[in-house]
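Visitor: Encoded as C-alpha cells, here's the structure I'll be asking about.
The values are calculated or read from the model by the stated rules, or taken from the named source; none is laboratory data. Model, not experiment: these values are computed from the prediction. Cβ coordinates were reconstructed from backbone atoms using ideal geometry, including for glycine residues, and neighbour counts include every protein chain displayed. Accessible surface is based on the protein model in full, side chains and every heavy atom, while ligands, DNA and RNA are left aside. Shrake-Rupley method; radii C 1.70, N 1.55, O 1.52, S 1.80 Å.
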Amino acid sequence: MNTTTQTIRALKGKRPLVSLTAYDFTTARLASQAGVDLILVGDSLGTTVLGYETTVPVTLEMMLHHTAAVTRARPEGLVVTDIPFPEAHRDPGELLDACSRCLQEAGAQAVKIEGGVGVAERISRLIAAGIPVLGHVGLLPQRIHELGGYRKFGKTAEERETLLADALAVEQAGAFAIVAEMVDADCARDLRDALKVPLIGIGAGPHCDGQVLVSHDLLGLTAGKTPSFVKRYADIGQAIGDAFKQYADDVRNRKFP
Ligand code: KIV
C-alpha cells in the first residue's frame, strides 16, 4: 500500500524519515525503488530543472505538470506538491482551488506550504477540506528577495522563539509534518522535542526526525555551488557530460553508428 500521511506521522520516534525531491517520472521511480518515504515535488524545480535563479518564477501550472509526471511513476512514497509563490497568500478560496488541483489533476497526496504563524489559519482551512499539509519553517526560499540571501535561522534567542511559535502554529493547524530549512542544529533539536509531528530537516543538522535533500544536489547535477550541508552521493553530472562527449566524438569520427 502507498504511504499515507498517517504513516509519516507514525514514524516519529521510530526511525528517521527519508525524503527527496523529484520532478519527473524517472527520478520518482528510482526514489520509490530506493524506499524513499516522502517524495517532494519542490518548487526548487525552478532552480534545478528550469534554470531560474530563484523559486519565485515557478507557477502552479509548472508544479502541476511536474507533479503529474512524478505520480505517473506510482511511487510508494507519499507525493507532496510545493505550493509556489504567491498562491499561499491569495484569497483562501483561490488557495483551496490551487491545492485541490494538485490532488485532483496531478495526483499528489498532500501539499507543502511555506510559512508559520502567518499561514496557520489557511493551513487549517485546507485540512478541514481534506487536503493534507506539510509545513515549512526556517529559511523560506519564496521570500528570498526579502531575506537577501541564504543563511542559518535560529541562532539567536529571538529567532528561536519565532521559529518555535511558527512550528507550533503550523502543527496546531493540523500539518502532518514540518520541514525545517537552514535551521541551527540545537534549535532544530528543540523544535523536534516540542513537536508531536515529525520535523524533517534540510541543512538543519542531525537531530531532526528525518531529512530531505534536493536530489540534484546529492546526485551532482546542480549547476554551480551546492549548499555546504549537502553530501554528494554521486557525480551524475560528470558521467552524463562524459557520455555526451564520447557520443559526439564517435559521431564526428564516424565510429557511431
Ligand atoms: O523546494 C524544495 O525543494 C524544498 C526543499 C528545500 C525542502 O522546499
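Visitor: Specify the residue that is nearest to the ligand (Cβ to nearest atom); the eligible residues are those in the stretch 23-38 that are open to solvent by 30 Å² or more (accessible area, probe 1.4 Å) and assigned to a helix (DSSP H, G or I).
Guide: THR27
Visitor: Going by the structure shown, is ARG143 within 16 Å of the ligand (Cβ to nearest atom), open to solvent by 30 Å² or more (accessible area, probe 1.4 Å) and part of a helix (DSSP H, G or I)?
Guide: So ARG143 passes the test.
Visitor: Can you tell me which residues in the stretch 153-184 are more than 19 Å from the chain's Cα centre (by Cα) and part of a helix (DSSP H, G or I)?
Guide: ALA157, GLU158, GLU159, ARG160, GLU161, THR162, LEU164, ALA165, LEU168, ALA169, GLN172, ALA173
Visitor: Then there's this: Considering the stretch 77-97 alone, what residues qualify as being buried (at least 19 other Cβ atoms within 10 Å of the Cβ) and over 15 Å from the mean Cα position of the chain (by Cα)?
Guide: Across the stretch 77-97, the qualifying residues are GLU87, ALA88, LEU95.
Visitor: Can you tell me how many residues in the stretch 207-254 are of a type in the set (Asp, Glu), assigned to a loop (DSSP other than H, G, I, E, B) and within 22 Å of GLY46 (Cα to Cα)?
Guide: Number of matching residues: 1.
Visitor: Right, another one. Among the residues of the stretch 39-56, how many are near the ligand (Cβ under 10 Å from one of its atoms), open to solvent by less than 10 Å² (accessible area, probe 1.4 Å) and of a type in the set (A, V, I, L, M)?
Guide: Selection size over the stretch 39-56: 2.
Visitor: Please verify whether VAL117 is modelled with pLDDT of 95 or more, more than 12 Å from the ligand (Cβ to nearest atom), among the β-branched types (Val, Ile, Thr) and open to solvent by 70 Å² or more (accessible area, probe 1.4 Å), treating the condition exactly as stated.
Guide: So VAL117 passes the test.
Visitor: Can you tell me which condition ALA108 does not meet? The list is (1) in contact with a strand residue (DSSP E or B) (Cβ under 6 Å, 6 or more places away or on another chain); (2) under 18 Å from PRO198 (Cβ atoms); (3) small (Gly, Ala, Ser), and all the others hold.
Guide: With respect to (1) in contact with a strand residue (DSSP E or B) (Cβ under 6 Å, 6 or more places away or on another chain); (2) under 18 Å from PRO198 (Cβ atoms); (3) small (Gly, Ala, Ser), ALA108 is out only on (2).
Visitor: In the stretch 99-114, how many residues are within 16 Å of the ligand (Cβ to nearest atom) and surrounded by fewer than 20 Cβ atoms within 10 Å (Cβ to Cβ)?
Guide: Selection size over the stretch 99-114: 0.
Visitor: Could you grab the pairs with beta carbons closer than 8 Å, sequence gap of 6+ or different chains, first residue in the stretch 10-22 and in contact (Cβ under 8 Å) with a residue 60 or more places away in the chain and in a strand (DSSP E or B), second one open to solvent by 80 Å² or more (accessible area, probe 1.4 Å) and more than 16 Å from the ligand (Cβ to nearest atom)?
Guide: That search, which allows pairs on different chains as well, returns nothing.
Visitor: Please find, within the stretch 120-131, the residue that is farthest from THR7 (Cα to Cα) out of those that are outside any helix (DSSP H, G or I) and either among the aliphatic types (A, V, I, L, M) or within 16 Å of the ligand (Cβ to nearest atom) (or both).
Guide: So the residue we want is ALA129.
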